[in-house]
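First the structure, in the form of structure tokens, and then the observations on it.
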Amino acid sequence: MTRRIILKLRPGELSQDERIELAIEDYNTEIIEKGRASIREHAKRRRIPYKTLQKRIKKGVKSRKNWAQARQRLTVAEEEVLEEYCLQLEKWGSPTRISQLRHMAEELLQAKGQTQRTGKNWPGQFLKRHPTLKSVFISPQDRNRQLSEDPEIITH
């Protein structure tokens, strides 16, 4: 079993992806100004792996995050709209069901002209990409309590 060590960022410290982007910008400006630059020096200066920076600069390799986003059928903006809609529904007192989330995503895809349905794992992956949302089971008793507090039902 392997363990991964996750380094926690100090307040104000940049993530590795942000440092890589800055190193690429620095490298490109130095190339323009001086005509030459050292990838190794920029990697040391920004505390990032040399090979990672070299692949990004020389071979144009994308970061994993950007690579995964390019393969998704919904854009980042469309997923943000879905997330905001789910949060709004939760504020109004009717949390979104997984089936509703899937249906909303498929409507967005149909509006773009895609007829293929979302995969069986799409809702789970969506929730992983958006940690502000969380899937929770609601027991029937909780649902009945919720209905008993509805003013419309009480007045009838």
How large are Rg and Dmax for the range 62-116 when only the alpha carbon atoms are used, in Å? 12.9, 41
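Once the mean 1/r over all distinct Cα pairs of the range 72-155 is inverted, what Kirkwood radius in angstroms do you read off? List each step's numbers first, then the result.
Working: mean 1/r = 0.0695 Å⁻¹.
Answer for the range 72-155: a Kirkwood hydrodynamic radius of 14.4 Å.
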Run down the aspartates and glutamates and flag those whose C-alpha is under 17 Å from the C-alpha of LYS51, throwing out any fewer than 8 positions away in its chain. ASP17, GLU18, GLU21, GLU25, ASP26, GLU41
Two-site FRET efficiency, GLU18 against TYR85, from Cβ-Cβ distance with R₀ of 30 Å, rounded to 0.05: 0.55
Eligible lysines near LYS91 by straight Cα distance, threshold 18 Å, same-chain separation 8 or greater: LYS134
Fraction in percent of alpha-carbon pairs per bin - 10 Å, the range 16-68: 26, 58, 15, 1
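Ratio of alpha-carbon Rg to the 2.2 N^0.38 Å globular estimate for the range 1-129, to two decimals, please.
So the Cα radius of gyration is 1.45 times the expected 2.2 N^0.38 Å.
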Give me the lysines in straight-line cross-link reach of LYS55: C-alpha distance below 16 Å, same-chain residues under 8 apart excluded. LYS44, LYS65
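Read the figures in this text as sums done on the coordinates, not as results from a lab. Predicted model, so just to flag it, every value in this text is computed and none were measured. All Cβ positions, even for glycine, are placed from backbone atoms using ideal geometry, and neighbour counts span all protein chains on display.
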